[in-house]
Amino acid sequence: AGLADRREVGRLNRDKAAGKHVVLNLDFTDTNQKYMLEMVNSVLNHTEGKQSGEPTASMTLSRDTLNRMMLKEMTLKQAIAKGDVKVTGDQQQITDMFAALDNFEFWFNIVTP
C-alpha cells in the first residue's frame with residue numbers, strides 16, 4: 001500500500017508546520033522500501049524510492065513501528081530506547097514533524113445546527 005496506510009491517521013496542521021523545513025529519509029527494514037519526506041511551506045510531501053543526499057535526519061525502522069508512532073501508541077524516544085528505530089541527524093526536527101500532525105476523528109459532524 002506504500003507509505004499511505006489504508007487508514008488516514010493524521011493531517012498536517014498548517015499552523016504548527018509554518019516556517020519549518022524538514023527533509024526526512026525513511027528506510028523500512030521489513031519491506032525494503034525507502035521514502036523521502038519533505039515538510040516545507042506547511043505541506044508534507046513523500047516520494048517513494050528516493051532518499052535525500054542531505055536530509056535533516058534519517059530513520060531506519062519497521063513499517064509497524066512507524067504506524068505505532070503515528071497512532072501515538074509509542075513515542076520516538078520510546079522506540080529509540082527499545083532499539084526499534086535508528087536515527088541519524090537532527091532528532092528534534094523529526095519530533096517537530098510528528099508534532100505538526102493532527103489527528104481527526106473519522107466520524108465528525110460536517111454540518112452542525
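In this structure, does Ala81 turn out to be out of contact with any Cys (no Cβ under 8 Å at 6 or more places or on another chain) and exposed (fewer than 13 other Cβ atoms within 10 Å of the Cβ)?
Working: out of contact with any Cys (no Cβ under 8 Å at 6 or more places or on another chain): yes; exposed (fewer than 13 other Cβ atoms within 10 Å of the Cβ): yes.
The answer is yes for Ala81.
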Completion exercise
Scanning the stretch 46-66 for residues that are in a strand (DSSP E or B) and in contact with a Lys or Arg (Cβ under 8 Å, 6 or more places away or on another chain) gives Glu48, Met59, Thr60, Leu61
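Each row is one residue, and each column tells you yes or no for (1) open to solvent by less than 50 Å² (accessible area, probe 1.4 Å); (2) over 17 Å from Met97 (Cα atoms).
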| position | (1), (2) |
| --- | --- |
| Tyr35 | yes, no |
| Val40 | yes, no |
| Glu48 | no, yes |
| Pro55 | yes, no |
| Arg63 | yes, yes |
| Asn67 | yes, no |
Exercise for the section: Would you mind telling me which numbered condition in (1) of a type in the set (Val, Ile, Thr); (2) within 30 Å of Gly53 (Cβ to Cβ); (3) modelled with pLDDT under 85 Thr95 fails? Expected result: (3)
Practice task
Go through (1) open to solvent by 80 Å² or more (accessible area, probe 1.4 Å); (2) at pLDDT 90 or above one by one and return the number of the condition Trp107 breaks.
Solution key: (2)
Exercise for the section: Six or more apart or on different chains, Cβ under 6 Å: which pairs go from a residue in the stretch 34-54 that's closer than 19 Å to Lys20 by Cα and among the hydrophobic types (A, V, I, L, M, F, W, C) to one that's open to solvent by less than 50 Å² (accessible area, probe 1.4 Å) and assigned to a loop (DSSP other than H, G, I, E, B)? Could you list them? Expected result: Met36/Ser52
Handout entry: Of the criteria (1) modelled with pLDDT of 95 or more; (2) assigned to a helix (DSSP H, G or I), which one Met69 fails
Key = (1)
Handout entry: Selected residue (criterion: farthest from Gly89 (Cα to Cα)) from residues of the stretch 11-45 that are basic (Lys, Arg) and outside any strand (DSSP E or B)
Key = Arg14
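The values are calculated or read from the model by the stated rules, or taken from the named source; none is laboratory data. Since the model is a prediction, treat every value here as computed from it, not as a measurement. Every residue, glycine as well, gets a Cβ built from its backbone with ideal geometry; the counts of neighbours run over all protein chains shown. Protein only, heavy atoms only, side chains kept; ligands, DNA and RNA dropped before computing areas. Shrake-Rupley method; radii C 1.70, N 1.55, O 1.52, S 1.80 Å.
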